[in-house]
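Let me begin by presenting the structure, written as structure tokens, before commenting on it.
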Amino acid sequence: MKKIDVPILKNIVGEENISTDPADLFIYGSDSSVHSARPWVVVRPGDTQQVQQIMAYANQEKIPVVTRGGGSGMCGQTVPVQGGITLDMKRMNKILEINAPDVFCRVQPGVVDDDLNKALSPFGVFYPPTPASSRIATIGGEIGNNASGVRSVKYGATRDSVLGLKVVLADGSLVTLGARTRVEATGYQVHKLMVGSEGTLGVVVEATLSFVPIPKFRCLGMANFDRLEDAGTAIADIMASGVVPSMLELVDSVAIKAVNKTMDLGLPEVEAVLLYEADGMVKEAVDYEINTMQEVCKNNGGTGLTSSYDAKERAKIFLGRKKLFPALSKFSDALSSTSLADDMAVPYSKMAETAKMIHEIAARNNIIMTAYGHCGSGCMHTKILMAPNRQDQWESAKRAVAEIYEYVRSVKGTTSAEHGIGISKASAFKAEKNDSLKLMINMKKAFDPNNILNPGKLMDAHEDWVTATDLRYTVA
Amino acid sequence: MEIRPFETKHLDKWKSTLDSCIRCGYCYEHCPVFKDTRWESNSPRGKMIMIYGLLSGKLDPSTYIADKISSCFYCGRCNAACSSGVTLTDIITDAKRDFQGTEFETPGSTSVTNTDCAACLACVRICPHEAREFINGKIVTDTVKCQSCGICVDVCPNKAVATNLSYGTDRSSLNREIRTFLEKDNGKAIIFGCNWSYYPDFQSSVMDPETPPEYKILINMCGGRLEKPLLLEPFLQNAWGVLVACCPDGDCEHDGNVKAKTHVAALREFLKEMDMDENRIQLVQIAHGDKAGFQSAIDKFMENLNTLGPLNRQ
């Protein structure tokens, strides 16, 4: 371990904003992934200047820096593989400006997604990327990850909403990227490159984001399918039907059981449930879209078709999906829900086959896997339910993950749709992007010649995700 | 008392539960302790990770950890937010049990009694959690039973009871907030909201508005610990009015709403005696999570206050 001059950092951020206590290092060394490591120090900058000073010091001493927001990442992006400084950005939490006429807002990176949307709602607008973790996810973390969520099918991912960024580079210098305009063709769009770079290219200290009007009408529908394949075909048919759903979600039988058990919602225990939503300013248009989707579901064997415009009723229909991720951990007392192979995307026509393949691979490897997700954007989520204290389960999980990604590549899908790469998905990412890896490594070098920004991630990550770091579990 | 070694005797049963915790962090947006410091070690998830560290031998016990874990107001919002079904406050209580009597035991956010205590035993009688005892001529707080509601702080006539770690809920912190807010041109009213019945929409972010709001909501741990001097402080800083929100009858675990009602009624009488409109101080009872009801009560109160105008007009 390199020597780190804590008093220098204390001078920058103040004594109350720094910790080297083993308990803090342990906490800040993990997130919502299976990984765990420890930083050498946790530092909480309060403004841009402090971030610049910290980066200048770290660059000079070649100390790794890992930027952290809510710590809700699922692939280990904020796990400090090589120790160093964990930069907790939650103090930089100001919504700086809401400019309704010019349709943008400016925020600091520690602003929580839901808080931003609460502040935007009096203006009749919303910030659409909103992942499921929006209640704690910070805008900075969402930018690092190119986060998206249930409405990405219509409104896009974080990258589509980022107009500009202020970024502190590895050497501590500050750059302003992008513009405050809807379109820009002025040279390289470096701000777009920053989105999804997982803290490996710079530290975002301010973001200029666009927003969209809150639709006047929103209608949510639901259909049950006795066969998973039929639900998959319905997804592809909906996307080819000419309508643009504002949400299109698949929930499989494993997920349904988990939600019923946890939430006591009494969902029908079928092979798959589809949730489809349309929104807009004109009711007739929303009616048309919902009816079209309903018709497609019916034609593909969907039953129990229901839909509602009523907010309370919609919340009730969607509650199961909303609570799915934590509910999976209650599926069985002996099993824990782990975020592995958790967010691949495949072409619409391959959704059904992918879901089926996931279940086959899980059965073959003696683990339980779910298939659910934002199918409207091609994203298929899974969780591996396993006994995390048993070594053999990790070997099974590793095999299953490798098999799933091999399949995903074979159908021209992609490793991650929204959770990013971090540590857990690095080997699959490298296999998928084989011919552009060298280019990406050179780009990283141009931004960060000393490799201090979140080292050990993406191209730089260990091939074997199980042994890349300590696991957060105690494995016998 | 003999110091015993730290053992995870009570915590051991939670091992598999903590494996089930997916560390999603959905608990920490609700935690008043986390919101005050924004250190993850003050969040419910942070506490669970520390406890996991103790159970797995990856962390050694320390006063630092005991202090963090013993800082909990038992509002239970974390339990309600966790759909993995982890009852975090039960785990926290068991951690406090394991720390009790060891060299690491600390009061955290629980109450302590200083030498000004006149042994009137008012705090012992009023404690809803039976956490205070008179032993060998001294008041002793049971750190496991104490839920940091702070009723004892309010009831002590000698001001001998305090919480060392109050996370912004003690009188001096609230007074500071009151003064800072009312210094602004637009500041008119202070709204005291109880953490059990209401918590603010904005969890961890801050709005930088061009026009500052007319009122500020200050969250306290229980209506029962709102002392009369604290309720009067805004008036001393030229506030137009004060609104107190507490739980409906029968809903308060600490009977704090009964005390709050008594305080507000007395202060309304006091305002009348001073030839001031008694409606400048009001109390509303808000059911758990009824944000719409709370907002409408605030709007009504502010509307009336704007009719009454500033204090110096009367």
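Values computed for the structure shown
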{"read-out": "Amide hydrogen neighbours beyond the local backbone of A:K383, cut-off 5 Å, H modeled", "value": "A:T370"}
{"read-out": "Pair-distance profile P(r), taking every C-alpha pair of segment A:219-420, with 10 angstrom steps and integer %", "value": "9, 36, 36, 15, 3, 0"}
{"read-out": "P(r) tail fraction, segment A:1-137 - alpha-carbon pairs more than 25 Å apart, %", "value": "34 percent"}
{"read-out": "Exceeding the 32 Å Cα-Cα cut-off - candidates A:K261/A:K457; A:K3/A:K433; B:K159/B:K188; A:K330/A:K438", "value": "A:K261/A:K457; A:K3/A:K433; A:K330/A:K438"}
{"read-out": "For A:G422, residues with placed amide H under 5 Å, excluding near neighbours", "value": "A:L458"}
{"read-out": "Helical mean residue ellipticity (222 nm; -39500 (n - 2.57) per DSSP H run of 4+; nearest 500) of chain A", "value": "-10000 deg cm²/dmol"}
{"read-out": "Average projection area in nm² (convex hull over Cα atoms of segment A:415-468, one quarter of hull surface)", "value": "3.8 nm²"}
{"read-out": "At most 16 other Cβ within 10 Å, DSSP loop - chymotrypsin sites (Phe, Trp or Tyr not before Pro), segment A:200-275", "value": "none"}
{"read-out": "Under the Karplus curve 6.51 cos²θ - 1.76 cosθ + 1.60, θ = phi - 60°, whole-Hz ³J(HN,Hα) for segment B:159-176, x wherever Gly or Pro sits", "value": "6, 9, 10, 8, 10, 5, 10, 10, 6, x, 9, 7, 4, 5, 5, 5, 4, 4"}
{"read-out": "J(HN,Hα) series, segment B:126-138, from Karplus relation 6.51 cos²θ - 1.76 cosθ + 1.60, nearest Hz, glycine and proline x", "value": "8, 4, x, 10, 6, 9, 10, 10, 9, 10, 6, x, 10"}
{"read-out": "Anchor A:K216: lysines whose Cα lies under 29 Å away (excluding residues fewer than 8 positions away in-chain)", "value": "A:K94, A:K118, A:K154, A:K283, A:K298, A:K312, A:K316, A:K322, A:K323, B:K291, B:K300"}
{"read-out": "Over chain B: helical MRE at 222 nm, DSSP H runs n ≥ 4 each giving -39500 (n - 2.57), nearest 500", "value": "-10500 deg cm²/dmol"}
{"read-out": "Surface accessible to a 1.4 Å probe, per residue, for the residues of chain B, Å²", "value": "43 Å²"}
{"read-out": "Cα-based convex hull, segment A:187-313, per residue volume (Å³, whole number)", "value": "193 Å³"}
{"read-out": "Loop-located trypsin sites (Lys or Arg not before Pro) in segment A:273-381 whose Cβ has at most 14 other Cβ within 10 Å (DSSP)", "value": "none"}
{"read-out": "Heavy-atom accessible surface of segment B:111-163: percent carbon and sulfur, 1.4 Å", "value": "52 percent"}
{"read-out": "Segment A:115-187 and segment A:335-378: distance between their alpha carbon centers, rounded to Å", "value": "28 Å"}
{"read-out": "Interatomic Cα distance distribution for the protein assembly as shown, bins of 20 angstrom, percent", "value": "15, 47, 33, 5, 0"}
{"read-out": "Amide hydrogen neighbours beyond the local backbone of A:L453, cut-off 5 Å, H modeled", "value": "A:V65"}
{"read-out": "10 Å Cβ neighbours from other chains, averaged over peptide B:205-213", "value": "6"}
{"read-out": "Centre separation in Å (Cα based) which lies between segment B:52-74 and segment B:126-178", "value": "22 Å"}
{"read-out": "In degrees, nearest ten, helix B:256-273 long axis to first principal axis of chain B (Cα)", "value": "20 degrees"}
{"read-out": "Dipole in debye (nearest 20) - the protein assembly as shown, about Cα centre, beta carbon charges: Lys, Arg +1; Asp, Glu -1", "value": "600 debye"}
{"read-out": "Geometric extent, Cα atoms of segment A:251-303 - Rg, Dmax (angstrom)", "value": "14.0, 38"}
{"read-out": "Ellipsoid equivalent to segment B:111-163 - semi-axes via the Cα gyration tensor, in Å", "value": "15, 12, 10"}
{"read-out": "Cα centroid separation - segment A:230-256 against segment A:401-476, whole Å", "value": "29 Å"}
{"read-out": "Inverse mean reciprocal Cα-Cα distance (Kirkwood Rh) of segment B:111-221, Å", "value": "16.0 Å"}
{"read-out": "Dimensionless Rg over Rh [segment B:12-99; C-alpha; Kirkwood]", "value": "0.91"}
{"read-out": "Degrees between helix A:351-364 axis and first principal axis of chain A (Cα, 0 to 90, nearest 10)", "value": "70 degrees"}
{"read-out": "Average other protein chain Cβ within 10 Å of Cβ, residues A:334-340", "value": "3"}
{"read-out": "Exposed GluC sites (Glu not before Pro) absent - longest run of chain A, DSSP non-H/G/I/E/B, at most 13 other C-beta within 10 Å", "value": "A:1-268"}
{"read-out": "Whole-number D in µm²/s for segment B:171-309 (Stokes-Einstein; Kirkwood sum over Cα pairs; 4 °C, 1.567 mPa s)", "value": "86 µm²/s"}
{"read-out": "Among B:E177, B:E40, B:E303, residue whose mean-square fluctuation peaks in a GNM of chain B (springs only between Cα atoms under 10 Å)", "value": "B:E303"}
{"read-out": "Rounded accessible area per residue of chain A, 1.4 Å, Å²", "value": "37 Å²"}
{"read-out": "Within a Gaussian network of chain B (alpha carbon springs, distance under 10 Å), most fluctuating of B:C146, B:C246, B:C156", "value": "B:C156"}
{"read-out": "In the B-A interface, the accessible area buried, summed over both sides, Å² (probe 1.4 Å)", "value": "4100 Å²"}
{"read-out": "Average Cα contact separation per residue, chain A, under 8 Å, 6 or more apart, as relative contact order %", "value": "16 percent"}
{"read-out": "About the Cα centre, charge dipole magnitude for chain B (Lys/Arg +1, Asp/Glu -1 at Cβ), debye", "value": "220 debye"}
{"read-out": "Helix A:283-299 axis, angle to chain A major axis (alpha carbon atoms, nearest 10°)", "value": "70 degrees"}
{"read-out": "Phi-based couplings in Hz for segment A:232-244 (Karplus 6.51, -1.76, 1.60; Gly and Pro marked x)", "value": "x, 5, 4, 4, 4, 5, 4, 5, 8, 7, x, 8, 10"}
{"read-out": "Two-decimal Rg/Rh across segment A:66-188, once Rg and the Kirkwood Rh are taken from alpha-carbon atoms", "value": "0.96"}
{"read-out": "Binned Cα-Cα distance frequencies in segment B:50-102 - 5 Å width, integer %", "value": "4, 19, 28, 24, 16, 8, 1"}
{"read-out": "Beta bridge orientation in segment B:92-229: antiparallel %, DSSP, nearest 5", "value": "55 percent"}
{"read-out": "Pairs of alpha carbons in chain B whose separation is greater than 30 Å (percent)", "value": "37 percent"}
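The values are calculated or read from the model by the stated rules, or taken from the named source; none is laboratory data. Worth saying up front: this structure is predicted, and the values here are computed from it rather than measured. Reconstructed Cβ throughout: ideal geometry from the backbone, glycine too, with neighbour counts over all protein chains shown. For accessibility, only protein heavy atoms count, side chains too; no ligands or nucleic acids. Shrake-Rupley method; radii C 1.70, N 1.55, O 1.52, S 1.80 Å.
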